[in-house]
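Please read the structure below before turning to the comments.
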Amino acid sequence: MDARGLAEQLRPVLGDEAVITDHQRLRTYECDGLAHYKVTPALVVLPETTEQVAAVVRACSRAGVPFVARGSGTGLSGGALPHADGVLIVTSRMRSILDLDVASQRAVVEPGVINLQLTREALPHGYYYAPDPSSQQVCSIGGNVAENSGGAHCLKYGFTTNHVTGVELVTPAGEVVQIGGKAPDAPGYDLLGAIVGSEGTLGIATRATVRLTRSPESVSTLLAAFPDTDRAGAAVSAIIGAGVIPAAIEMMDALAIEAAEAAVHCNYPAGAGAVLIVELDGPAAEVEHQFDEVEQFCRGNGSFEIRIAVDDAERALFWKGRKSAFAAVGRISPDYIVQDGVIPRTALPEVLRRIAGISAEKGVRVANVFHAGDGNLHPLVLFDDAVPGESERAEEVSGAILDLCIEYGGSITGEHGVGADKARYMPRMFDEDDLDTMQLVRCAFDPDSISNPGKVFPTPRLCGERPGRHQGAHPLAEAGVADVF
Ligand SMILES: Cc1cc2nc3c(=O)[nH]c(=O)nc-3n(C[C@H](O)[C@H](O)[C@H](O)COP(=O)(O)OP(=O)(O)OC[C@H]3O[C@@H](n4cnc5c(N)ncnc54)[C@H](O)[C@@H]3O)c2cc1C
């Protein structure tokens, strides 16, 4: 049976309204935040309960039909890109916060819960949910778990993986399993660690148990303007090298500032070649002391103007420029690629110089916005699709930036995931043996390769196939430490 055939089987389980087969309505789901990949799914379902998700997955498993999970569809790597012959399982009707357990500092949520929704619910109790992707007003906790999402404040508080203590998972066979819970850790293999960041390839999370973080007593934010990114980068290294861990340190270069000014009039200091936004939080006395240190490090490294937010409104204005930066680039370029890579923080000035060199050589403008504290770059590669050859050149520059990240010991993705888009870059970072070993993990969960197939790994393989270039047995199988499924 194909995916369309499953529709009639699923209507009595989910209700007519929750099973979409109309072509126009299906097209609503043809892409995620990476809009240049588009695939219309064969079928979309909108389950409301774990049991409904499990029923859909079991039906897919029996029929050998692939399925893809989708939260809010804000992903930037094509992770929720549908499968043309598959079922798209959308969690937007699963938006309940099931348990706000302040005493245990935990919340249990359904996967479609919006990131900021959880913080809003927790704030009156003096708590919040710390991982804060810039998309937090719309992205779902299920998507965050699948992508191991980060955000500006993850430098101090850690990524999603540091905030998830349990997951209810519908496995690709349609079983419902509980992994972890409210306790901080569980004995045995770290299956939770494997699931967080697995981009929907190991099953569908139908509940997540997450940490709630105490709201800080005090927050202070400064905006420092520098003549160039070299000096801003040096200030970042000086701050962190001195043992100060700000809640966030974000950097924008001149082109990114120009875009933000055009879009949201954030009124950053004129003539800045780079700005840093540094936020400190914690006990008031500690914040005050460290804030002085940060200010000195900025001045000592050439900052020519420092502004300190006097209230929440001014803090919001500082952040407005940064948080709008991706979309703002649309004001100065008809098209752009949002790249996401990681380098060691200390290599920032050198890598930025090399990015500028690549940009000049190829004649492609690159605006840089990034989480400077943890070396997570977001170069925005600008182009005009209407001009022949520009999109290809932009792709080349984008790929060359990832090569730089690898060369400097970093990674091809910091937080946006591999998805459909970066699967082709995986062999640049990992050799065949690494990829084969990852495939063993995937096949242990999904032997029929039906859970978000074609994502993350460069060459789709069925689990029974001997993968890669190997003529003989897989080295791990030869060594007797793993089986090929
Ligand atoms: C303007 C903008 C700013 C952004 N800023 C950031 C940022 O600062 N940091 C950051 O990390 N990301 C950022 N992102 C990327 C994106 O918002 C995150 O990756 C987010 O976690 C995706 O959530 P989603 O609900 O939209 O997931 P989707 O896009 O719907 O799905 C993402 C992936 O998760 C899988 N998935 C979704 N739900 C489930 C589930 N319940 N179980 C299993 N798999 C599932 C999908 O199959 C897919 O592979 C940004 C995106 C935009 C558009």
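Taking 0.36 nm per residue of separation and subtracting the Cα-Cα distance, what length does fully extending Thr161 through Asp311 add? Before the final figure, lay out each step's value.
On the way: separation 150, 0.36 × 150 = 54.00 nm, distance 3.17 nm.
Contour length minus Cα-Cα distance gives 50.8 nm.
What is the sum of charges around Gly174, taking Lys and Arg as +1, Asp and Glu as -1, for the other residues whose C-beta is under 15 Å from the C-beta of Gly174? Kindly include the intermediate steps, with their values, before the conclusion.
Numbers: positive: Arg58, Arg62; negative: Glu51, Glu168, Glu175, Asp446, Asp448.
Around Gly174, the charge tally is -3.
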* Using a Förster distance of 25 Å, the FRET efficiency for Glu350-Phe304 (Cβ separation, nearest 0.05) -> 0.65
* Under the definition of Cα pairs under 8 Å and six or more residues apart, what whole-number percent is the relative contact order of region 29-180? -> 22 percent
* Asked: Considering lysine pairs in the chain that are 8 or more places apart or on different chains, how many have Cα atoms under 19 Å apart?
  -> 4
* Asked: In degrees, nearest 10, range 0 to 90: what is the angle between the Cα axis of helix 3-14 and the longest Cα principal axis of the chain?
  -> 90 degrees
* Give the calculated FRET efficiency between Glu175 and Glu286 to the nearest 0.05, with a Förster radius of 45 Å applied to their Cβ-Cβ distance. => 0.40
* Asked: Of Ala54, Val366, Gln296, which is farthest along the charge dipole of the chain in the positive direction, counting Lys and Arg as +1 and Asp and Glu as -1 at C-beta?
  -> Ala54
* Asked: What number comes out for the charge environment of Gly75, summing +1 per Lys or Arg and -1 per Asp or Glu over other residues with Cβ under 13 Å away?
  -> -3
* Provide the FRET efficiency to the nearest 0.05 for the His36-Arg4 pair, computing r from the beta carbons and using R0 = 22 Å. => 0.25
* Kindly give the semi-axes, whole Å and largest first, of the ellipsoid equivalent to region 207-314, taking each as the square root of 5 times a Cα gyration tensor eigenvalue. => 24, 18, 14
* To do: Sketch the reach of a paramagnetic label on Val219 as a point 7 Å from Cα along Cα-to-Cβ, and name the residues of region 242-278 whose backbone nitrogen lies under 14 Å away.
  => 247-249, 278
* If eta is 0.692 mPa s and T is 37 °C, what Stokes-Einstein diffusion coefficient results for region 43-134, Kirkwood Rh from Cα pairs, in µm²/s? -> 222 µm²/s
* Asked: So, with +1 on the Cβ of K and R and -1 on the Cβ of D and E, and no other charges, what is the size of the charge dipole of the chain about its Cα centre, to the nearest 20 debye?
  -> 580 debye
* Taking every Cα atom in region 305-418, find the radius of gyration and the maximum pairwise distance Dmax, and write them in Å. => 15.2, 49
* **Those residues of region 113-134 whose amide nitrogen sits under 13 Å from the label point placed on Ile97, 7 Å along Cα→Cβ** => 113-130
* Asked: What angle, in degrees between 0 and 90 and rounded to the nearest 10, separates the Cα long axis of helix 390-407 from the longest principal axis of the Cα atoms of the chain?
  -> 80 degrees
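Please compute the Kirkwood hydrodynamic radius over region 359-418, one decimal place, Å, based on all pairs of different Cα atoms. Provide the component values of the computation, followed by the final result.
Working: mean 1/r = 0.0810 Å⁻¹.
Here the Kirkwood hydrodynamic radius works out to 12.4 Å.
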* Asked: To the nearest 500 deg cm²/dmol, what mean residue ellipticity at 222 nm is calculated for the chain from DSSP H runs of n ≥ 4 alone, each contributing -39,500 (n - 2.57), summed and divided by the residues?
  -> -10000 deg cm²/dmol
* **Alpha-carbon Rg/Rh ratio, for the chain, with Rh computed the Kirkwood way** => 0.98
* To do: Treating the angle as unsigned and between 0 and 90°, give the value, to the nearest 10°, between the Cα long axis of helix 312-323 and the longest Cα principal axis of the chain.
  => 60 degrees
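Give the dimensionless ratio obtained when the Cα radius of gyration of region 207-261 is divided by 2.2 N^0.38 Å.
1.54
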* To do: Specify, per residue and in Å³, the volume enclosed by the convex hull of the alpha carbon atoms belonging to region 86-154.
  => 95 Å³
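Computed from the coordinates by the stated procedures, all read-outs in this text should not be read as laboratory data. Computed from a prediction, not measured in an experiment: that's the story for all the values here. Neighbour counts run over all protein chains shown; Cβ positions are idealised from the backbone, glycine included.
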